[in-house]
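Beneath this line is the structure, given in structure tokens, with notes to follow.
The values are calculated or read from the model by the stated rules, or taken from the named source; none is laboratory data. Because the structure is a prediction, the values reported are computed rather than measured. Positions of Cβ are backbone-derived with ideal geometry, glycine not excepted, and every protein chain shown enters the neighbour counts. Note: accessible area is taken over every heavy atom of the protein model, side chains too, but ligands, DNA and RNA are not part of it. Shrake-Rupley method; radii C 1.70, N 1.55, O 1.52, S 1.80 Å.
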Amino acid sequence: DRSDLEREAREHEVRSLRRAVTFSAVFAIPLVILAMVPMLYMPFHMWLMEYMSERTMTWIMLALALPVQFGPGLRFYRLGWKALKNRSPDMNSLVMIGTSAAFFYSLVVTLAPQIFPEGTAHVYYEASAVVITLILLGKYFEAIAKGRSSEAMKKLLSLQAKTARVVRSGQELEVPTDEV
């Protein structure tokens, strides 16, 4: 049945998005903690610097961002490139361009920090990973909402009357609604 296939496809999409969001969050949350908490709470920054250099922390952030960018983030590259090739950029193109800018700029900073003026070599790995994670979370919520609204519409349609009473030649008849 077609509606069963549609329901199955929606459920598959929801499961796939749930896995992608979970995977992304596993890497993005520690990345945000490493990148943002030291700026907000100096004792945490001092504690971190006792155990690792700024350079080591940059490599750890790369290791955390890489699986998000080229794991769940690949969907934005596939869809974004396709839209750009068709000269109709969409949200996927925007996510692809924005997260790539943050990721690849940070990669250059990680691999060649000496080409930047002193004190300006900052990485933005957390930006790319968090954007990908949040966009996927939004798509996940959207897929859930679509599934629920689709099921609600089907329930409403099932409540539709199958027959109608009509008066023909002065006589009241019950006929299928298709014949009305």
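Numbers below:
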{"quantity": "Extension reserve of the GLN171-ALA112 stretch, reckoned as 0.36 nm per residue once the Cα distance is removed", "calculated": "12.2 nm"}
{"quantity": "Cα-projected label distance for ILE144 with TRP81, points at 7 Å along beta-carbon direction, nm", "calculated": "3.2 nm"}
{"quantity": "Using a Förster distance of 22 Å, the FRET efficiency for ALA63-THR22 (Cβ separation, nearest 0.05)", "calculated": "0.75"}
{"quantity": "³J(HN,Hα) computed for each position of segment 105-118 - Karplus, 6.51 cos²θ - 1.76 cosθ + 1.60, integer Hz, glycine/proline x", "calculated": "4, 4, 5, 4, 4, 5, 7, 9, x, 5, 7, 9, x, 3"}
{"quantity": "Amide H partners (placed H, <5 Å) of THR163, local residues excluded", "calculated": "THR177"}
{"quantity": "Label-point separation in nm, SER158 to PHE44, each point 7 Å along Cα→Cβ", "calculated": "4.9 nm"}
{"quantity": "Nearest-ten-degree value, helix 54-70 long axis tilted from longest Cα axis of the chain", "calculated": "20 degrees"}
{"quantity": "Contour excess over end-to-end distance, with Cα ends at ASP178 and SER88 and 0.36 nm allotted per residue", "calculated": "28.2 nm"}
{"quantity": "Simple label model, 7 Å out from Cα along Cβ direction - PHE104 to ARG2, nm", "calculated": "4.3 nm"}
{"quantity": "Cα pair distances in the chain, grouped into 10 Å bins until the bin that holds the longest one, percent each", "calculated": "9, 24, 24, 15, 10, 7, 5, 4, 2, 0"}
{"quantity": "Heavy-atom accessible surface of the chain: percent carbon and sulfur, 1.4 Å", "calculated": "64 percent"}
{"quantity": "The chain, accessible area per residue, ligands and nucleic acids excluded (1.4 Å, Å²)", "calculated": "66 Å²"}
